[in-house]
Amino acid sequence: MNKQANVVLSLDFGTKKIGLCIAETYTGQSSPLPVLKNDERLFNNLDEVINEWLPNFCIIGKPKEMKENFKEAYKIFFRTFKKRYGINIKEVNEDFTSQAVAKEKKKQEYDSYSAALIFEEWFNHNNG
């Protein structure tokens with residue numbers, strides 16, 4: 001098996017905040033990044049993250065069940081992200097990731113730890 005090291009940006013989308021995690025595919029290690037507010041500066045802030053880390057591809061958590069307003073916001077974000085960055089973005093089932101974040105981590109970068117779990121789910125499914 002020829003394993004390749006790729007940089008992955010994992011995202012936990014929310015209508016108020018976006019959790020981010022940077023990871024790599026050779027060892028499966030990941031590091032949560034600061035949470036970004038989902039506001040008018042979101043894509044400017046994402047520009048900085050993308051330019052700093054230069055991910056090979058991205059993954060985004062997608063719940064199976066979504067309320068209509070969340071579903072619409074998710075679709076807009078997903079389309080805008082793909083068009084703006086031209087980076088391959090893969091959807092991963094994120095059900096139960098938020099519940100799995102340890103209580104001590106919930107006080108800080110809760111959404112970014114969820115993004116790390118989304119990456120772990122993808123990594124285990126694709127490399128396990």
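Going through the range 27-48 one residue at a time, which ones are surrounded by 14 or more Cβ atoms within 10 Å (Cβ to Cβ) and either assigned to a helix (DSSP H, G or I) or hydrophobic (A, V, I, L, M, F, W, C) (or both)? Talk me through it step by step, then tell me what you get.
From the range 27-48, those surrounded by 14 or more Cβ atoms within 10 Å (Cβ to Cβ) are 28, 30, 32-33, 35-36, 38, 42-43, 45-46; that's our starting set.
Once the filter is applied, which keeps residues that are surrounded by 14 or more Cβ atoms within 10 Å (Cβ to Cβ) and either assigned to a helix (DSSP H, G or I) or hydrophobic (A, V, I, L, M, F, W, C) (or both), the range 27-48 yields LEU33, VAL35, LEU36, LEU42, PHE43, ASN45, LEU46.
Out of the range 49-108, which residues are within 16 Å of ILE18 (Cα to Cα), touching a Leu at 6+ places or on another chain (Cβ under 6 Å) and either modelled with pLDDT of 90 or more or open to solvent by 40 Å² or more (accessible area, probe 1.4 Å) (or both)?
CYS58, ILE60
For the range 25-48, give me each residue that is at pLDDT below 95, more than 14 Å from SER112 (Cβ to Cβ) and of a type outside the set (Ser, Thr, Tyr).
Of everything in the range 25-48, those that are at pLDDT below 95, more than 14 Å from SER112 (Cβ to Cβ) and of a type outside the set (Ser, Thr, Tyr) turn out to be GLY28, GLN29.
The values are calculated or read from the model by the stated rules, or taken from the named source; none is laboratory data. Values in this document were obtained by computation on a predicted structure and should not be read as measured data. Note that we place each Cβ from the backbone using ideal geometry, even for glycine, and neighbour counts take in every protein chain shown. Calculation scope for accessible area: heavy atoms of the full protein, side chains included, ligands and nucleic acids excluded. Shrake-Rupley method; radii C 1.70, N 1.55, O 1.52, S 1.80 Å.
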